[in-house]
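Note sheet for the following structure.
The values are calculated or read from the model by the stated rules, or taken from the named source; none is laboratory data. Because the structure is predicted, anything quoted here is derived from the model rather than measured. Every residue, glycine among them, receives a Cβ derived from its backbone with ideal geometry; neighbour counts consider all protein chains shown. For the accessible areas, the whole protein counts, side chains as well, though only heavy atoms, and no ligand, DNA or RNA atoms are used. Shrake-Rupley method; radii C 1.70, N 1.55, O 1.52, S 1.80 Å.
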Amino acid sequence: MSYKNTADFASELDAKDELQQYRKEFHIPLQKNGEEHIYMCGNSLGLQPRRTKDFLNQELEDWATFGVEGHLNAKNPWLPYHEFLTESYAKIVGAKSSEVVAMNTLTVNLHLMMVSFYRPTSKRHKIIIEADAFPSDIYAVESQIKHHRFSTETSLIKLVPRDGESAIRTEDIEAIIEREGDETTLIMLGGVNYYTGQVFDFEAITKLAHTKGINIGFDLAHAAGNIKLELHKWNIDFAVWCSYKYLNSGPGSVAAAFVHKKHHNSNLPRFSGWWGHNKEDRFTMPDEFNAIKSAEGWQLSNPPILSLAAIRASLSIFDEVGMDKLVAKSKELTSYLLFLLSTIEADSIEIITPNERGCQISIRVKNGNKQIFDFITEKGVVADWREPDVIRVAPVPLYNSYMDVFNFYKILESAL
Ligand SMILES: *Cc1c(COP(=O)(O)O)cnc(C)c1O
């Protein structure tokens with residue numbers, strides 16, 4: 001499509017947008033002057049769906065009405081409540097329903113998965129991760145290495161882009177797997193890198209890992225609800241994600257995990273809790289742990305229902321729209337944004353996000369000039385600044401419009 005950098009053109013695109021009415025399903029935060037913010041920060045905290053309140057109120061009412069009996073008698077009984085999220089999650093990440101479970105929070109799940117999938121020996125003890133992975137992921141893998149009495153200096157391999165490049169090439173990952181594969185036992189990557197917005201070639205990297213007998217897991221914090229995923233088909237061993245970024249389920253809401261079916265009957269060691277025990281006799285409180293033969297077997301505790309209710313509200317929107325339509329609009333929105341940015345004459349910005357991307361665009365600002373970010377913030381844009389020099393913006397297909405993208409561009413242009 002040939003684009004134009006005019007407001008009229010942006011509103012034409014909005015008029016043609018099939019998902020346009022979903023913007024009304026969300027609370028768009030207002031500026032002091034009463035106008036809506038240009039909210040480009042769904043990669044950090046997704047907006048609140050209007051229906052979330054009703055879903056939460058239902059559980060508050062049932063708690064008031066039933067007390068403990070709500071576990072069985074609530075309209076949506078709390079005992080199996082996490083199961084109400086399973087089908088929707090399976091569709092979002094491309095999994096069998098036995099492979100996904102909502103539980104805990106993200107970094108906790110990362111650790112639980114590493115308990116099962118990082119089993120270092122003196123011959124194979126290395127973990128491969130991106131050098132610019134989200135800090136929590138680095139802390140988690142480093143602490144796992146130390147927990148097993150290995151040293152991060154010899155057991156952690158960090159992937160870095162080539163000089164002058166921002167994204168990591170698959171061929172470079174291949175070379176490292178070739179070189180280090182025999183000593184490596186786990187590859188842990190952010191499916192979409194939080195900083196550059198790069199989407200890794202899940203399938204190719206997973207194949208390479210498995211030819212060397214390496215387990216592979218992905219942190220999908222920036223991928224779930226953003227890009228099309230096929231975790232089962234790609235044969236990924238495990239994945240974890242949070243629900244509060246693209247999945248719009250509220251600050252700190254419960255996270256989720258994927259464990260490939262091929263591991264459900266294995267003897268992988270795990271940290272166990274009563275919620276992972278067989279549903280048939282969980283409440284007879286037996287002494288011996290007997291894991292549920294699915295991803296649910298990795299659960300520890302009975303989950304926070306109020307948080308799950310917020311996730312359920314949000315996932316009902318994803319069910320209505322479906323990832324295919326979402327991704328199609330997402331691609332259009334980001335292409336339009338990239339087109340608009342390409343019309344800016346100034347050489348003071350550079351896009352570091354590669355073509356393999358979701359909706360996030362990372363804009364590097366020359367000399368780390370944060371005044372540019374402060375200016376656009378002052379003008380009503382909600383984006384985020386990552387040290388030393390990057391503005392991340394994410395036009396989210398469920399609630400951002402082409403006009404949002406256009407207004408963002410106008411403000412950024414005037415800042416430059
Ligand atoms: C957002 C994010 C986190 C945050 O972790 P929590 O445990 O939810 O606080 C971790 N890793 C990545 C890659 C993220 O994007």
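Quick notes on this structure:
- Checklist (1) in contact with a Phe, Trp or Tyr (Cβ under 6 Å, 6 or more places away or on another chain); (2) open to solvent by 10 Å² or more (accessible area, probe 1.4 Å); (3) within 15 Å of the ligand (Cβ to nearest atom) applied to L220, failing item: (2)
- Pairs with Cβ under 7 Å, 6+ apart, first in the range 400-415 and under 25 Å from V327 (Cα atoms), second in a helix (DSSP H, G or I) and hydroxyl-bearing (S, T, Y): Y402/Y336; M403/S11; V405/Y336
- Residues (more than 8 Å from the ligand (Cβ to nearest atom), part of a helix (DSSP H, G or I) and either aromatic (F, W, Y) or touching a residue at least 40 places away in the same chain (Cβ under 8 Å) (or both)) located in the range 128-142: Y139, V141
- Checked against (1) part of a helix (DSSP H, G or I); (2) away from the ligand (no atom under 14 Å from the Cβ); (3) crowded, with 18+ Cβ neighbours inside 10 Å, P120 meets all criteria but (1).
- Meets criteria (in a helix (DSSP H, G or I), open to solvent by less than 10 Å² (accessible area, probe 1.4 Å) and out of contact with any Pro (no Cβ under 8 Å at 6 or more places or on another chain)) for L308: yes
- Search result, residues across the range 223-247 that are more than 14 Å from Y89 (Cα to Cα) and open to solvent by less than 10 Å² (accessible area, probe 1.4 Å): I236, D237, F238
- The residues on offer are L308, L326, and the sole one that is farther than 20 Å from L398 by Cα, touching a Leu at 6+ places or on another chain (Cβ under 9 Å) and in contact (Cβ under 8 Å) with a residue 60 or more places away in the chain is L308.
- Condition check for T65: of a type in the set (S, T, N, Q) and crowded, with 17+ Cβ neighbours inside 10 Å: no
- In the range 189-205, the residues that are in contact with a strand residue (DSSP E or B) (Cβ under 7 Å, 6 or more places away or on another chain) and either outside the structural domain of K245 (by TED's automatic domain parsing) or within 10 Å of the ligand (Cβ to nearest atom) (or both): L189, G190, G191, V192, N193, Y195
- Condition met for I292 (at pLDDT 95 or above, surrounded by 15 or more Cβ atoms within 10 Å (Cβ to Cβ) and more than 16 Å from the ligand (Cβ to nearest atom)): yes
- Residue selected from the range 131-186 under the condition more than 20 Å from T121 (Cα to Cα) and over 26 Å from the mean Cα position of the chain (by Cα), by the criterion surrounded by the most Cβ atoms within 10 Å (Cβ to Cβ): A175
- The requirement of being farther than 26 Å from Q360 by Cβ, surrounded by fewer than 17 Cβ atoms within 10 Å (Cβ to Cβ), in contact (Cβ under 8 Å) with a residue 24 or more places away in the chain and among the hydrophobic types (A, V, I, L, M, F, W, C) is fulfilled nowhere in the range 100-107; no residue meets it.
- For the range 169-184, the criterion of a residue being out of contact with any Asp or Glu (no Cβ under 8 Å at 6 or more places or on another chain), under 30 Å from P49 (Cα atoms) and outside the structural domain of L398 (by TED's automatic domain parsing) is satisfied by no position.
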